[in-house]
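The structure appears below as structure tokens.
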Amino acid sequence: MGGGVTERLPEGSSEPLLPTKRDGEFAGASFAGAVFNLSTTIVGAGIMALPATMKVLGLAPGLVAIVLAALLTDASIELLVRSSRAAGAPSYGAVMGDAFGWWGRRLLQVCVVVNNIGVMIVYMIIIGDVLSGTSSGGEHHYGVLEGWFGPQWWNGRFFVLLVTTLVVFTPLACLKRVDSLSYTSAISVALAVVFVIITAGIAIVKLIKGQIPMPKLFPDVPNLASVWELFTAVPVLVTAYVCHYNVHPIHNELKDPSQIKPIVHTSLVLCSTVYITTSFFGYLLFGESTLSDVLANFDSNLGIPYSPMLNDAVRVSYAVHLMLVFPMIFHALRLNLDGLLFSSSSPLSSDNRRFSVMTAVLLLVIFLSANFIPSIWDAFQFTGATAAVCIAFIFPAAITLRDPHSIAKKWDKILSIFMIVLAIVSNVVAVYSDAYSMFHRKSSPSIA
């Protein structure tokens, strides 16, 4: 299931890349562990951009859009899993290969590599911003460590990210089995919930004190350009739920593989609840001042007692959350890149030298990129959203329409056409609108 995609099998073999429950020492992943792993894949940095989508769409359409995105994601995963079972495919890459041959598998692998590298560079940038501060906007925003100890050589961005990479990312990235990450995933989900509770608590306190104005319920659309701008929220909503590349490895390791459907449902309900709560209270708290990364709003006085302490709690809890999400995304990246480069080699999990070299090289590339390319946000708007929409909607729908095993019902095909049209049209408009905003030096609040 190679990170969901690239088990890279020898000819004629159907074995997945990773050790599965058939290994003597591994009895299989539990329901709870699988839910935490899938939820961790879903809830990443995208949650920070969701309050800004409320600013673009208005509160009512924005919350409805979050629910609709979850329903469409659930439908696309259902189509993907059903097609995988019919094909006997142990990974996303294998089912793409079954439907579209060599180029289908390769295209998926490229999309996962592009998406995941972009996501992890953004994670590392956010961690650096939170702990060491940032001057990318021209004005310096102090990081948590700077605020506590003042500027020191050891709390500079480069050194903090170096220590994080060596002490946190490297040990977790060296684990070969997805289920090994279930405990860190549980902590990660708990930290996301802590962030939501603190944000909601602050908003409720300010609401009771009458310090929060009435939020915008519906978008302002005075002209055609503002209509186009509404579509810039689409890539944020799409990337918020992308988890398809880890569905297969999680499915492979289950004690009872038939549980994958309730696991997906439970994860999507959990994540949708986190997303709706964050979007609602985040936008309520900051209103039209909501930034594209709402975490950046937590560096100023919130107008309530203990504001500095609460700011630090929010930022630190989410930085640690991203540290623990990182290995889940990295797991999929490594296996898909390995599938692209060494498609005819032995499984990655059985080649310790190749596993170690690929892990070290990828960590180095991501680390250097996060230090020297802080403007990755602009690139991520395009590459991340484009690759993510293919992984989440276009590819599962295309497999269903190709239907090599004649299992798709009429409704499946109608839904697939709807997904493809919606994904292509909305993302073309979103990319156009983002490009228009950039070239006309407008600030867009929907950067993912």
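The values are calculated or read from the model by the stated rules, or taken from the named source; none is laboratory data. For clarity, every value in this text was computed on a predicted model and none was experimentally measured. Every residue, glycine among them, receives a Cβ derived from its backbone with ideal geometry; neighbour counts consider all protein chains shown. Heavy atoms of the whole protein, side chains included, go into the accessibility calculation; ligands, DNA and RNA do not. Shrake-Rupley method; radii C 1.70, N 1.55, O 1.52, S 1.80 Å.
The figures follow:
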read-out	value
Failed criterion for residue 89 (all others in (1) modelled with pLDDT of 85 or more; (2) in contact with a Pro (Cβ under 8 Å, 6 or more places away or on another chain); (3) assigned to a loop (DSSP other than H, G, I, E, B) hold)	(2)
Residue in segment 299-316 that is under 30 Å from residue 349 (Cα atoms), open to solvent by 10 Å² or more (accessible area, probe 1.4 Å) and either at pLDDT 85 or above or among the basic types (Lys, Arg) (or both) present	no
Which listed residue is under 20 Å from residue 422 (Cα atoms), touching a His at 6+ places or on another chain (Cβ under 7 Å) and in a helix (DSSP H, G or I), from 80, 50, 72, 68	80
Residue match in segment 143-159 (condition: modelled with pLDDT of 85 or more and surrounded by fewer than 20 Cβ atoms within 10 Å (Cβ to Cβ))	yes
Matching option when the condition is open to solvent by less than 50 Å² (accessible area, probe 1.4 Å) and under 17 Å from the mean Cα position of the chain (by Cα), among 191, 172	191
Among residues of segment 223-263, those that are in contact with a Ser or Thr (Cβ under 6 Å, 6 or more places away or on another chain) and assigned to a helix (DSSP H, G or I), counted	8
Counted residues, segment 344-372 - those being out of contact with any helix residue (DSSP H, G or I) (no Cβ under 9 Å at 6 or more places or on another chain) and of a type in the set (Lys, Arg)	1
Single unsatisfied condition, residue 12 versus (1) in a helix (DSSP H, G or I); (2) modelled with pLDDT under 50	(1)
For residue 292: the one exception among (1) under 21 Å from the mean Cα position of the chain (by Cα); (2) not in a loop (DSSP other than H, G, I, E, B)	(2)
Selection from segment 29-76 of residues that are among the charged types (D, E, K, R) and surrounded by fewer than 24 Cβ atoms within 10 Å (Cβ to Cβ)	74
Members of segment 262-285 found to be open to solvent by 40 Å² or more (accessible area, probe 1.4 Å) and under 20 Å from the mean Cα position of the chain (by Cα), listed by number	265, 266, 269, 270, 273, 276, 280
Residue count, segment 393-425 (criterion: modelled with pLDDT of 90 or more, among the hydrophobic types (A, V, I, L, M, F, W, C) and open to solvent by less than 30 Å² (accessible area, probe 1.4 Å))	7
Out of 301, 311, sole residue that is farther than 23 Å from residue 63 by Cβ and in a helix (DSSP H, G or I)	311
Residue 360 vs. criteria open to solvent by less than 70 Å² (accessible area, probe 1.4 Å) and modelled with pLDDT under 75	no
